[in-house]
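What follows is a single structure, written as structure tokens, with notes after it.
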Amino acid sequence: MDMVKHLGVLFSLAGGYLMLPTLRKPKESKIPMQLQNEGILFGQDLLFPGLHYETTEGVAIGKAKKGTVSTRNIYINDGRIQVTNATPVELYLIALHKSAEYIPYNRARISMTVYDEKRFFPDGLKKEYVDEVEMEKWRRDYGFHYDRVFSLQERVSKWALMLNDLNQYFGKRYRIAGSIEKVPTDCLLLKHNRRTEIPFYTGKRATKLEDGKLTIQCNSIDALVNWLDNRYQFDPGLPIIDRSYHGGGVVLTLKADFSDFSSINEALIEHGLSLQQEFISIERMVIRSR
């Protein structure tokens with residue numbers, strides 16, 4: 001009876017019309033408009049359409065409709081991670097590197113023992129340069145999306161939660177699991193002599209390679225490390241790690257033969273930088289078949 005009375009009061013206050021709760025307007029999404037049609041509503045926000053998703057509230061992961069969008073997009077802030085059209089390996093490497101700026105494709109950062117590696121690590125990712133033309137077709141037909149909104153309590157451990165989400169989804173479908181392990185390996189460490197000043201920069205980020213001259217304008221020296229690590233995996237493919245301890249933005253111009261390690265090192269020395277080989281422990285993503 002009490003419930004009937006309460007409903008009667010609400011009905012009368014609304015002038016004879018039953019009032020329904022007002023849905024909150026979804027937050028602005030960074031995902032392209034083609035992916036927002038027929039979205040799945042979870043919590044307060046619009047997630048991906050056409051997904052075979054595995055999730056609790058606030059998470060969506062799976063494949064998009066075949067042939068819709070071919071470009072990869074990554075958007076990360078404190079409370080959300082959104083990735084469209086990524087390979088499974090790229091999703092795992094984002095969880096490893098904890099960044100939207102760069103994915104560490106260097107094979108020293110990935111250990112895979114899976115039954116069908118091409119499904120997870122396409123040939124377009126294995127070349128000296130990531131072959132985006134080849135990858136576009138793969139992403140259009142087989143790309144995966146990931147979207148998770150984190151509560152305030154979850155933000156501290158969001159990367160571990162992302163890794164757990166990936167293991168649940170890919171574990172059920174393809175019987176694989178990823179884990180982060182520390183392994184000792186030879187690396188090239190970027191070091192600074194602390195005497196030579198590197199020009200400070202606060203403007204728009206840009207990277208340009210033209211006529212053997214590389215110009216990097218960025219808010220962190222990480223951009224140089226990432227560029228070298230991603231595009232030039234020197235024999236025998238050593239990962240490049242920042243040990244310059246240089247804070248703030250930088251602008252650098254390097255003139256070198258970028259297929260030759262010693263030529264690059266000579267160009268770096270002009271700025272007080274150098275790449276030095278050392279044996280250290282680094283984090284690596286290990287992906288195994290279950």
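Can you tell me which residue in region 208-220 is farthest from residue 98 (Cα to Cα), limited to those that are surrounded by 11 or more Cβ atoms within 10 Å (Cβ to Cβ) and either out of contact with any Gly (no Cβ under 9 Å at 6 or more places or on another chain) or at pLDDT 85 or above (or both)?
Checked region 208-220; the qualifying residue farthest from residue 98 (Cα to Cα) is 212.
When you check residue 262 against the structure, is it without any contact (Cβ under 8 Å) to a residue 12 or more places away in the chain and not in a strand (DSSP E or B), yes or no?
In short, yes.
Any residue in region 225-239 that is of a type in the set (Gly, Ala, Ser), in a loop (DSSP other than H, G, I, E, B) and either farther than 30 Å from residue 163 by Cα or out of contact with any strand residue (DSSP E or B) (no Cβ under 6 Å at 6 or more places or on another chain) (or both)? So that I can check it myself, show each step before the final result.
Taking region 225-239 as the starting set, the residues that turn out to be of a type in the set (Gly, Ala, Ser) are 237.
Checking the rest, the ones that are also in a loop (DSSP other than H, G, I, E, B) come to 237.
Within this subset, residues satisfying the condition of being either farther than 30 Å from residue 163 by Cα or out of contact with any strand residue (DSSP E or B) (no Cβ under 6 Å at 6 or more places or on another chain) (or both) are 237.
Checked against the condition, which is being of a type in the set (Gly, Ala, Ser), in a loop (DSSP other than H, G, I, E, B) and either farther than 30 Å from residue 163 by Cα or out of contact with any strand residue (DSSP E or B) (no Cβ under 6 Å at 6 or more places or on another chain) (or both), region 225-239 yields at least one hit.
Looking only at region 188-207, how many residues end up being surrounded by 10 or more Cβ atoms within 10 Å (Cβ to Cβ) and under 22 Å from the mean Cα position of the chain (by Cα)?
Total satisfying the criteria: 3.
For residue 225, only one of the following conditions fails: (1) surrounded by fewer than 16 Cβ atoms within 10 Å (Cβ to Cβ); (2) within 18 Å of residue 110 (Cβ to Cβ). What is its number?
(1)
In region 152-175, is there at least one residue being in the same structural domain as residue 73 (by TED's automatic domain parsing), under 22 Å from the mean Cα position of the chain (by Cα) and in a strand (DSSP E or B)?
Looking for residues that are in the same structural domain as residue 73 (by TED's automatic domain parsing), under 22 Å from the mean Cα position of the chain (by Cα) and in a strand (DSSP E or B), one finds none in region 152-175, hence no.
One residue is enough: does region 255-264 have a residue meeting the conditions within 18 Å of residue 106 (Cα to Cα) and either loosely packed, with under 13 Cβ neighbours inside 10 Å or in contact with a Cys (Cβ under 6 Å, 6 or more places away or on another chain) (or both)?
yes
The values are calculated or read from the model by the stated rules, or taken from the named source; none is laboratory data. It should be emphasised that the depicted structure is a prediction, and the values quoted were computed from it without experimental measurement. Because the Cβ atoms are built from the backbone with ideal geometry, glycine has one as well, and the counts that use them run over all protein chains shown.
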